[in-house]
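K.L.:
Below: one structure in structure tokens.
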Amino acid sequence: MPQDVWNSELQDVLDKASVSLNYSIDHVVEIRAEVRRGVEDLEKELETLKLEVVEVIEANDSVGIAYRKARVNLAQAAERQDNAAQAKAYEEAEHYMKLKGSFEERERNLRRRRDEVERERVRLERILTRSEETMSKLRLAMEILKNRLEDMNQLGTERDYKMVALALRFAEQENLRLARDIHDGPAQQCSGAILLLDHMQKNLQLGRGEQAFQEADRLREQLKDALGEFRTFLLRLKPVGLDLSLEKGLSRLAETLKERYGVEIAVTLQGRPDSLPSMLRVNLYRIVQEATMNAIRHGRARKVQILGSFGAETVSLKVVDDGIGFDVHAEHVKAQERGSYGLTNMEERARFAGGSFRIESAPGRGTIVSLSVPVGEV
Ligand SMILES: Nc1ncnc2c1ncn2[C@@H]1O[C@H](COP(=O)(O)OP(=O)(O)OP(=O)(O)O)[C@@H](O)[C@H]1O
Ligand SMILES: [Mg+2]
């Protein structure tokens, strides 16, 4: 899946997760409010129950006193053998005893209910504590998610910005190189051709047909050369075949350079280079193009090998030449000082694609340019 599609899918998943996390947090908040109301109700009931228990105990105590008094009356009436008083006291004692029994039962019921309410209150308090923990976990998850989303957006903009800045710099440098190379190459050849044409005209005026004829031959060669150079420039401006695949692009590059400079160029690719993202394809092509041109122009190579290995996760490429080689560090510094960025740009392209880049060379030894980049990157 291309990186930008993957990023937006990921963003979508994170957005949805954040919505459902928010929903869960709201839900827990609601549950907590309800439980807290339940606890408050229970606390009110508990207060009333406690008061009622006290009232019943007090009432029971007074009944107890009245009962004991009735028993004393009963005993005294029995001693006096006062039958009427005895019967009354007996009735009173029985009445207070029943009352006492019912008060005691009420007290037992109230105490039972009070214990139940107390247990329920403790249970709800425990739910509140647990929900508090759940809330802080959810809030933490939300915070992490929010930071992650911000990081991703930040990453996106930073990455986009770097990409645009790099692309603009490459474009500007390439314009300068083209201007310089056209000036030093085909423009010089064309002014040479005009000079030859002037000579030819003069020789014709003076009737020196033989010389004019030789100049016409040299003129044709010079123009053919200039045309060849223009073709190479066209390939630099628009790589032929690269829109189809890296394989086609590289083989067209090899053919053109073979034809133009008479160099032997072999392209050997393993794996499937066709399925690469277009941005990566262009980057790889530009690196190989620069390495090959350097091999021909500076290394005066007779033979160049372009080797590629395309795995599911990594692409590795090598450009090996049998040229004169060079002191990499020293020449790189010199090149940068005079405003030549071929080596720098190759390295930046590889690093920007998230990969590694290396040049191995020494005077008299040929040159190997190698790089390895992950396929998922730009
Ligand atoms: N394959 C090579 N063989 C020999 N010398 C090389 C090779 N590649 C690079 N160099 C040396 O390194 C220098 C720097 O190369 P670089 O590509 O940065 O600049 P350039 O080719 O001179 O200019 P530009 O690439 O901007 O047209 C070259 O001028 C050359 O001296
Ligand atoms: Mg160069």
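K.L.:
Report the GluC sites (Glu not before Pro) located in the stretch 264-316 that are in a DSSP loop and have at most 14 other Cβ atoms inside 10 Å of their Cβ, or state none. It would help to have the intermediate numbers written out before the result.
P.N.:
Details: sites: Glu264, Glu290, Glu313; in loops: Glu313.
Answer in residue order: Glu313.
K.L.:
Just read off the accessible area of Glu34 with the full protein assembly in place, 1.4 Å probe, to the nearest 10 Å².
P.N.:
Probe radius 1.4 Å; accessible area of Glu34 about 120 Å².
K.L.:
Quick one: grab the alpha carbon gyration tensor of the stretch 185-237, order the square roots of its eigenvalues as a ≥ b ≥ c, and give me rounded if a/c is under 1.5, else prolate or oblate depending on whether a/b is larger than b/c. Write down the numbers at each step before the final one.
P.N.:
Working: a/c = 5.61, a/b = 2.89, b/c = 1.94.
Prolate, because a/c is 1.5 or more and a/b exceeds b/c.
K.L.:
Which order do Val28, Val373 take when ranked by solvent-accessible area (1.4 Å probe, heavy atoms of all protein chains), largest first? All intermediate terms of the calculation are to be shown ahead of the outcome.
P.N.:
Working: Val28 25, Val373 0 Å².
Per-residue accessible area, sorted high to low, gives Val28, Val373.
K.L.:
For the chain, what is the accessible area per residue in Å², given a 1.4 Å probe and the full set of protein chains? Let's see the in-between values first.
P.N.:
Details: 23950 Å² over 378 residues.
Ligands and nucleic acids excluded, the figure is 63 Å² per residue.
K.L.:
Then there is this: For the stretch 282-378, what does the relative contact order come out to in percent, with C-alpha contacts under 8 Å and a separation of six or more?
P.N.:
For the stretch 282-378, the relative contact order is 32 percent.
K.L.:
At 1.4 Å probe size, with the rest of the protein present, what percent of the exposed accessible area of the chain is carbon and sulfur atoms?
P.N.:
That share works out to 54 percent.
K.L.:
Please calculate the 1.4 Å probe accessible area of Arg180, with all protein chains present, and give it to the nearest 10 Å².
P.N.:
Answer for Arg180: close to 80 Å² accessible.
K.L.:
Put Ile296, Ile144 in order of accessible area, largest first, 1.4 Å probe: what do you get? Walk me through the numbers before you get to the answer.
P.N.:
Values: Ile296 20, Ile144 105 Å².
Sorted descending by solvent-accessible area, the residues read Ile144, Ile296.
K.L.:
Sorted by packing (mean other beta-carbon atoms within 10 Å per residue), highest first, where do 12-25, 66-79, 340-353 land?
P.N.:
340-353, 66-79, 12-25
K.L.:
Tell me which residues come under 5 Å, amide H to amide H, from Gly185 once H is placed; ignore anything under 5 positions away on its chain.
P.N.:
none
K.L.:
Whenever you get a sec, line up Glu91, Glu40, Glu118 from highest to lowest accessible area (probe 1.4 Å, protein heavy atoms). Can you show the working numbers first?
P.N.:
Numbers: Glu91 130, Glu40 95, Glu118 60 Å².
Ranked list, largest accessible area first: Glu91, Glu40, Glu118.
K.L.:
Moving to a separate point now. I need the phi-derived Karplus couplings for the stretch 242-259: 6.51 cos²θ - 1.76 cosθ + 1.60, θ = phi - 60°, integer Hz, Gly and Pro marked x.
P.N.:
After applying 6.51 cos²θ - 1.76 cosθ + 1.60, I find 5, 5, 7, 6, 5, 4, 5, x, 5, 6, 5, 4, 4, 4, 4, 5, 4, 5 Hz.
K.L.:
While we're looking at this one, here's another question. Taking a ≥ b ≥ c as the square roots of the Cα gyration tensor eigenvalues, with a/c under 1.5 meaning rounded and otherwise prolate when a/b beats b/c, else oblate, which class fits the stretch 270-353?
P.N.:
Working: a/c = 2.60, a/b = 1.52, b/c = 1.71.
Note, shape of the stretch 270-353 comes out oblate.
K.L.:
From the Cα gyration tensor of the chain, with a ≥ b ≥ c the square roots of its eigenvalues, which class applies: rounded if a/c is under 1.5, or else prolate if a/b is larger than b/c, or else oblate? Before the final figure, lay out the partial values.
P.N.:
Details: a/c = 7.11, a/b = 5.98, b/c = 1.19.
Prolate, since a/c reaches 1.5 and a/b exceeds b/c.
The values are calculated or read from the model by the stated rules, or taken from the named source; none is laboratory data. Since the structure is predicted, the reported quantities are computational estimates derived from the model, not experimental observations. Note that each Cβ is placed from the backbone with ideal geometry, even for glycine, and that neighbours are counted across all protein chains shown. Accessible surface areas use protein heavy atoms only, side chains included; no ligands, DNA or RNA. Shrake-Rupley method; radii C 1.70, N 1.55, O 1.52, S 1.80 Å.
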